[in-house]
Amino acid sequence: HPARPLDGVRVLLTAGPTREPLDPVRYLGNRSSGRMGYALAEALTALGARVTLVSGPTALTPPPLEQVVQVETALQMHAEVLARADACELFVGTAAVADYRPVDPAETKIKKERAALEIRLERNPDILAEVAARRPAPFTVGFAAETERVEHYARGKLVDKGLDMIAANRVGGPRGGFEREENALTVLWPDGQRDLPMMAKPRLARALAELIAERYLEHHAP
Ligand code: C5P
């Protein structure tokens, strides 16, 4: 059916921020609201996909989906995604995964005894790159939030991570990006690109879902 181009396609999608614990009461986090990811999960479902959402902590109520898995840390998100990567045809990484986590989080609350505190961080795994490197790999879609030279850095990530598509947005400007109602995207794939102009996130998610479906179907039945 043309209205359900992704009928029965199994999608795995990450959304939201991750929280990296410093001690039992504190964490390193980021400003991702999860809104774009949740809206995209809903839009892909409307196109017929069976979506499993792996979500970091957000204030949002998940839409009705095939499965919703709640996680906190990047390592938990990594484990839940990798356990399901072979059972999807399409992977979309919208999560703002922390690049680093504190080495050995304290088991008890850190006290303000010293004038300064040093926290050592170690790298988190790149979930999206790992999924894209699997053989066979699902069709992989990533996001890139950039403050400058958006297309240049996004195309670099598309190539370096071996993705099939990347949706890039400019952050830190007056409009769009984190904690905003609307957003604009430049979507890139190996031999093309399309601009999705500034619009409300739910509408943008529907436009992006349609573009993902178009590229996914082209990829599978060229
Ligand atoms: O390299 P960068 O963090 O800018 O890449 C962003 C893309 O990679 C997003 O799609 C994000 O969900 C994904 N990512 C990931 N695991 C990480 C870092 C980023 O899946 N540790």
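For this structure, a couple of remarks:
- The single residue among A145, A154 that is within 15 Å of the chain's Cα centre (by Cα) and modelled with pLDDT under 95 turns out to be A145.
- Where strands (runs of 3 or more DSSP E) fall entirely within the stretch 1-52, those with at least 3 residues that are in contact with a Ser or Thr (Cβ under 9 Å, 6 or more places away or on another chain) are at 10-15, 20-23.
- Some residue of the stretch 95-103 being touching a Gly at 6+ places or on another chain (Cβ under 6 Å) and free of Cβ contacts under 8 Å to residues at least 60 places away in the same chain: no
- Every listed requirement among (1) under 23 Å from T52 (Cα atoms); (2) within 14 Å of the ligand (Cβ to nearest atom); (3) surrounded by fewer than 18 Cβ atoms within 10 Å (Cβ to Cβ) is met by A87 save one, (2).
- Residue in the stretch 105-146 that is nearest to V51 (Cα to Cα), counting only those that are in contact (Cβ under 8 Å) with a residue 60 or more places away in the chain, of a type outside the set (A, V, I, L, M, F, W, C) and away from the ligand (no atom under 16 Å from the Cβ): P105
- Condition check for V81: within 14 Å of the ligand (Cβ to nearest atom), aliphatic (A, V, I, L, M), under 24 Å from I212 (Cα atoms) and surrounded by 17 or more Cβ atoms within 10 Å (Cβ to Cβ): yes
- Within the stretch 64-78, if we keep just the residues that are open to solvent by 20 Å² or more (accessible area, probe 1.4 Å), closer than 26 Å to A46 by Cα and in a loop (DSSP other than H, G, I, E, B), the residue that is nearest to the ligand (Cβ to nearest atom) turns out to be L65.
- Considering (1) in a helix (DSSP H, G or I); (2) surrounded by fewer than 17 Cβ atoms within 10 Å (Cβ to Cβ); (3) at pLDDT 95 or above, the lone condition that R215 does not fulfil carries the number (2).
- Among the residues of the stretch 116-138, none qualifies, meaning not one is modelled with pLDDT under 95, of a type outside the set (D, E, K, R), within 16 Å of S32 (Cβ to Cβ) and open to solvent by 60 Å² or more (accessible area, probe 1.4 Å).
- Tallying residues that are closer than 21 Å to S32 by Cβ, surrounded by fewer than 19 Cβ atoms within 10 Å (Cβ to Cβ) and either among the small types (G, A, S) or away from the ligand (no atom under 14 Å from the Cβ) (or both) within the stretch 147-195 yields 9.
- Among the residues of the stretch 1-28, those identified as under 30 Å from L211 (Cβ atoms), in contact with a strand residue (DSSP E or B) (Cβ under 8 Å, 6 or more places away or on another chain) and surrounded by 16 or more Cβ atoms within 10 Å (Cβ to Cβ) are L6, V9, R10, V11, L12, L13, T14, A15, G16, P17, T18.
The values are calculated or read from the model by the stated rules, or taken from the named source; none is laboratory data. Keep in mind the model is a prediction, meaning the values are calculated, not measured. Because the Cβ atoms are built from the backbone with ideal geometry, glycine has one as well, and the counts that use them run over all protein chains shown. With ligands, DNA and RNA removed, areas are computed over all heavy atoms of the protein, side chains included. Shrake-Rupley method; radii C 1.70, N 1.55, O 1.52, S 1.80 Å.
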